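Novice: Quick one: the structure is below, questions incoming.
The values are calculated or read from the model by the stated rules, or taken from the named source; none is laboratory data. If you're wondering where the values come from, they're calculated on a predicted model, not measured in any experiment. Cβ: placed from backbone, ideal geometry, glycine included. Neighbour counts: every protein chain shown. SASA here: full protein model, heavy atoms, side chains in, ligands and nucleic acids out. Shrake-Rupley method; radii C 1.70, N 1.55, O 1.52, S 1.80 Å.
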Amino acid sequence: YIQIMSTNIVGATGIRIQVRKRNEDGSLDVVGNRLIEQAWHQWGRKGFCTIDGKLSWGQAQRLFIETLARDGEVLIRKIKNPRGNKYGFSLQFIEADYLDEEYNNRTKDGNEVRMGVELDANGKPIAYWMFEEHPHHRDQFGTRTARKHVRVPADEIIHCFIQERAGQTRGVPMMSNVLSRLKMLDGYEEAELVAS
C-alpha cells in the first residue's frame, strides 16, 4: 500500500518546479526562469535539501508520502542558514513520536495545548511541544531518559495530515480503519492452513 502511494503520487521523477515568470511585456523570462530552475535542481541534490544530507528532493518527497500513509501525519522543521549549505535552507524530517500526544495543558498566555500542539483562541497552531529526545530512547544503562519538552514555533514546522474533523490537531494513520479486518484475515488464513 505504502509503495503504491509513493509510486502513484510522487512518481519516478518526483514533483518538479516549473517557473513561469514573465517580463513586463508579457513574454516569458526564459533566462531568469532557467536560472531559478537550475538553482532549485542543485538545492534538491543530496547534501542540501535535508539537514542530514541523506536525501535528495525526490527521496524527500517519497519519504513524505510514505510517512503520511504509515503514520497519518508528517512533521518537517524548516532550518534556515544551516552550516555548509550555500542555499541557506534545509528540511529536517521529524518522527511524529517526538510530538507528545499526551501533553494537554493551558499555557500562561491562555493558549490550549492539545496533544502537543499549542493553539491560539481561534484554534490556529502557534507552537509544537516536542520531546528533546525520542520518547523510546534508552540511555547506556537501559533506563528511559527524562521526557523534557521543547517548544518549537509553528512557523518553523510543516505539519501535514488529512483533516477529517473540525478542530482536529493530529493525523490518523490511513490504514487504521482496516487493521481489525486484516487481523481477522490473518486468522482466517492460519485456520485454512491448519485445516489443510
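Novice: Convex hull over the Cα atoms of the stretch 80-182, averaged projected area in nm²?
Specialist: On the way: hull surface 41.2 nm².
Dividing the Cα hull surface by four gives the mean projection, 10.3 nm².
Novice: Would you list the P(r) distribution for the stretch 32-105, with all Cα-Cα distances sorted into 5 Å bins from 0 and each bin expressed as a whole %?
Specialist: Pair shares across the bins are 3, 16, 21, 20, 16, 11, 7, 4, 1, 1.
Novice: In what sequence, highest mean first, do 188-196, 175-183, 100-108 appear when ranked by Cβ atoms within 10 angstrom?
Specialist: Working: 188-196: 8.3, 175-183: 10.0, 100-108: 12.3.
Top of the packing list down: 100-108, 175-183, 188-196.
Novice: Taking all protein chains together and a probe of 1.4 Å, list His137, His159, His41 from the most accessible to the least accessible. Intermediate results must be reported in sequence, preceding the final value.
Specialist: On the way: His137 85, His159 35, His41 110 Å².
Highest to lowest solvent-accessible surface, that is His41, His137, His159.
Novice: Given q = 0.15, 0.18 Å⁻¹, what are the Debye log10 I(q)/I(0) values for the chain, with equal point scatterers placed on the Cα positions and solvent ignored?
Specialist: Evaluating at q = 0.15, 0.18 Å⁻¹ gives log10 I(q)/I(0) of -1.11, -1.29.
Novice: I need the peptides 56-67, 87-98 ranked by packing, meaning the mean over residues of other C-beta atoms within 10 angstrom, with the highest value on top. Let's see the in-between values first.
Specialist: Values: 56-67: 18.6, 87-98: 17.0.
Those peptides, ordered most packed to least, come out 56-67, 87-98.
Novice: Suppose every Lys and Arg Cβ carries +1 and every Asp and Glu Cβ carries -1, with no other charges. What dipole size does the chain come out with about its Cα centre, to the nearest 20 debye? Before the final figure, lay out each step's value.
Specialist: Values: 28 positive and 27 negative charges, 160 e Å.
The calculated dipole for the chain is roughly 760 debye.
Novice: Now for a separate question. For the chain, what number of Lys pairs, 8 or more residues apart or on separate chains, have alpha-carbon atoms under 21 Å from each other?
Specialist: Taking the Cα cut-off of 21 Å, the pair count is 11.
Novice: Now a separate question. Have a look at the stretch 1-60 and give its Rg and Dmax from the Cα atoms, expressed in angstrom.
Specialist: In order Rg, Dmax, the Cα atoms of the stretch 1-60 give 15.0, 49 Å.
Novice: May I ask for the angle, rounded to the nearest 10°, between helix 30-43 and the longest principal axis of the chain, with both axes built from Cα atoms and the value confined to 0 to 90°?
Specialist: Tilt of helix 30-43: around 40 degrees.
Novice: Still on this model: If R₀ is 35 angstrom, what is the calculated FRET efficiency for the pair Arg83 and Thr7, using the beta carbon separation as r and rounding to 0.05? Mind dumping the intermediate values first?
Specialist: Numbers: r = 35 Å, r/R0 = 1.00.
Efficiency for this residue pair is about 0.50.
Novice: Further question: Label-point separation (nm) for Glu112 and Asn177, each offset 7 Å from Cα along Cα-to-Cβ?
Specialist: Placing both labels 7 Å along Cα→Cβ, they lie 2.6 nm apart.
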